[in-house]
């Protein structure tokens, strides 16, 4: 198998064209973009891959419809194009999702305004289904729902002011960590190298040029020097701290928000996402329907609720969500839809990460969000060659931002234009014609065939590479059973350890499998997973206990 092999010491054996610091979706997209264009690339991440902001979103792939109220045509086109790219290149991990926005009496909140918005948006995104092979992944036109149709979907909206609803589709990620890993697996297959739990601690510098990084292998405890002709910073909220050692005359200090949502481990809105009006407004809107929308988003068997934004200026390793904050959010959602009656004990997890944000006055209630990703050419800005900083503003646009950053890197390397093809090249696991055909393949497969409840999750996570997992069950039938009441096969645990660089129990539970991404999977599943990893790594009872305790503490982790 062509799996991921962790060999951090090998990163010191050559000079790379690009050294990428940061293993979120932005860094992984950079690695794939560089490798796909024939550049040698190495990526390091101080924690596990995709452990921070990239893993902790509302799982929505934005098509840009809300930017109509800003008159921001650039963002509409950028978002729609990148949504289409993800639907093309990762059809197993990204699907269209219907979203309902209720309409009410009044001008901007009414049906006429929403009809105009849907028509204009469909015209602006006329090419949204270009090259999407699987019919399941094509984005329908928006349309209006009658009052009766809206109430049939959401009986609790039956209020005198309701006039109906607008229905449109955005994309949804089945598993954001596996989508990021698909970028990384594609990069590694194209010749890139990567290692998790390797911390960049500073830069190698020769005169007015950065020529690599000083790093620490946090597993082995050894120091590394990784050389590169260009270093690409993709560490998001950790950017100011990483750049501090360079003492730049104009420090890069962008504003960040701690974006957060929470998970309720049951469906609240059927198969449709629902927009409800929260308590804050958008100060940048040219045309506003009133308060900003909060979303109740069906995801697997759960509901994601959010998003809330707080300007964050503290230690990027210490952001958290307090019980008081979560209660305030519950109050806001319950005020918008009183029938929910959500309480703290309805919440299984909160997700939060640091996201590039707009500039806001201290203490502002109505916040300006980030609108453009940031690519800083430090040679042009600071006279320091060999260094580029890349901070994405949305998961959705990470691939496109990476393409522009690698364009810049190619110019700085003096290599000339090498056009990007990543918007139409299938990611790892995404090379298939039809999801239904994949399902029939599994049903007719010789060798182990998983239980019916496990088939769709298996195919959604691994796509056309599902057999990489099932081979383990072919060799050892016991690995074909699901972990307790979950849909995660024990074979996935072994696959994560041997083929995907999983080193900790939390890596498997939260980032390689579905096991703990929605709600606590139960002691039996966690302990069985830990036992399998202990057999692979030789963990003693103390280590097993600490790994299990770390996972359990995440449910419900409040401060």
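Please label the shape of the range 342-436 as rounded, prolate or oblate, based on the square roots a ≥ b ≥ c of the eigenvalues of the alpha-carbon gyration tensor (a/c under 1.5 means rounded; beyond that, a/b larger than b/c means prolate, else oblate).
Numbers: a/c = 3.16, a/b = 1.21, b/c = 2.61.
Oblate, since a/c reaches 1.5 and b/c is not below a/b.
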Length gained if residue 415 through residue 301 is fully extended, taking 0.36 nm per residue and subtracting the Cα-Cα distance, is 36.2 nm
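Would you order 85, 373 from fewest to most other beta-carbon atoms within 10 Å of each residue's own beta-carbon? Please report the intermediate quantities before stating the final value.
Working: 85 25, 373 20.
Final ranking by Cβ density, sparse to dense: 373, 85.
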Rough spin-label spacing in nm, given labels placed 7 Å along Cα→Cβ, for residue 126 and residue 549 | 6.3 nm
Provide Rg and Dmax in Å for the range 349-402, with only Cα atoms included in the calculation.
-> 14.4, 45
Return the whole-Å distance between the Cα centroid of the range 318-356 and the Cα centroid of the range 19-63.
-> 28 Å
So between residue 498 and residue 481, what do we pick up on full extension, going 0.36 nm a residue minus the alpha carbon distance?
-> 4.3 nm
What FRET efficiency would be calculated for the residue pair residue 5, residue 138, taking the C-beta separation as r and a Förster radius of 45 Å, to the nearest 0.05?
-> 0.75
Normalised contact order of the range 201-247, rounded percent, pairs of Cα under 8 Å and 6 or more residues apart = 31 percent
Between rounded, prolate and oblate, where does the range 147-256 land on the alpha carbon gyration tensor, with a ≥ b ≥ c its root eigenvalues, rounded for a/c under 1.5, else prolate if a/b exceeds b/c?
-> prolate
First measure r as the distance between the Cβ atoms of residue 288 and residue 310, then evaluate 1/(1 + (r/R0)^6) with R0 = 22 Å and state the FRET efficiency to the nearest 0.05.
-> 0.55
Quick one: 130, 216, fewest Cβ neighbours within 10 Å first, how do they rank?
-> 130, 216
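Just the C-alpha atoms of the range 83-180: what Rg/Rh do they give, with Rh taken as the Kirkwood radius?
Details: Rg = 15.5 Å, Rh = 14.7 Å.
For the range 83-180, the value is 1.05.
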Least to most buried among 371, 504 (fewest other Cβ within 10 Å first) | 371, 504
Just subtract the alpha-carbon distance of residue 446 and residue 116 from 0.36 nm times their residue separation and send over the number in nm, one decimal.
-> 113.5 nm
Please report the relative contact order for the range 435-552, taking Cα pairs under 8 Å with a sequence separation of at least 6, and give it as a percent rounded to a whole number.
-> 19 percent
Evaluate the range 435-552: find the radius of gyration of its Cα atoms, find its Kirkwood radius, and give the ratio Rg to Rh.
-> 0.97
Simple spin-label estimate for residue 471 and residue 244 in nanometres, 7 Å along Cα-Cβ | 4.5 nm
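Which of rounded, prolate, oblate describes the range 271-370, given a ≥ b ≥ c as roots of the alpha-carbon gyration tensor eigenvalues and a/c under 1.5 marking rounded, otherwise prolate only if a/b is larger than b/c? List each step's numbers first, then the result.
Details: a/c = 1.75, a/b = 1.19, b/c = 1.47.
Here the range 271-370 falls in the oblate category.
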So, relative contact order of the chain in percent, Cα under 8 Å, 6 or more apart, is 19 percent
Between residue 317 and residue 372, with labels modelled 7 Å along Cα→Cβ, what's the label distance in nm to one decimal, could you check?
-> 3.4 nm
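Could you calculate the FRET efficiency of residue 345 with residue 425 from 1/(1 + (r/R0)^6), where r is the beta carbon distance between them and R0 is 60 Å, rounded to 0.05? Could the numbers behind the result be given before it?
Working: r = 46 Å, r/R0 = 0.76.
Using R0 = 60 Å, I get an efficiency of 0.85.
For the chain, what is the percent of antiparallel DSSP beta bridges, rounded to the nearest 5? Please report the intermediate quantities before stating the final value.
Numbers: 60 of 81 bridges.
Within the chain, antiparallel bridges account for around 75 percent of the total.
No lab work stands behind these numbers, since they all come straight from the coordinates. This is a predicted model, so every value here is computed, not measured. For neighbour counting, all protein chains shown are included, and Cβ atoms are generated from backbone atoms with ideal geometry for every residue, glycine included.
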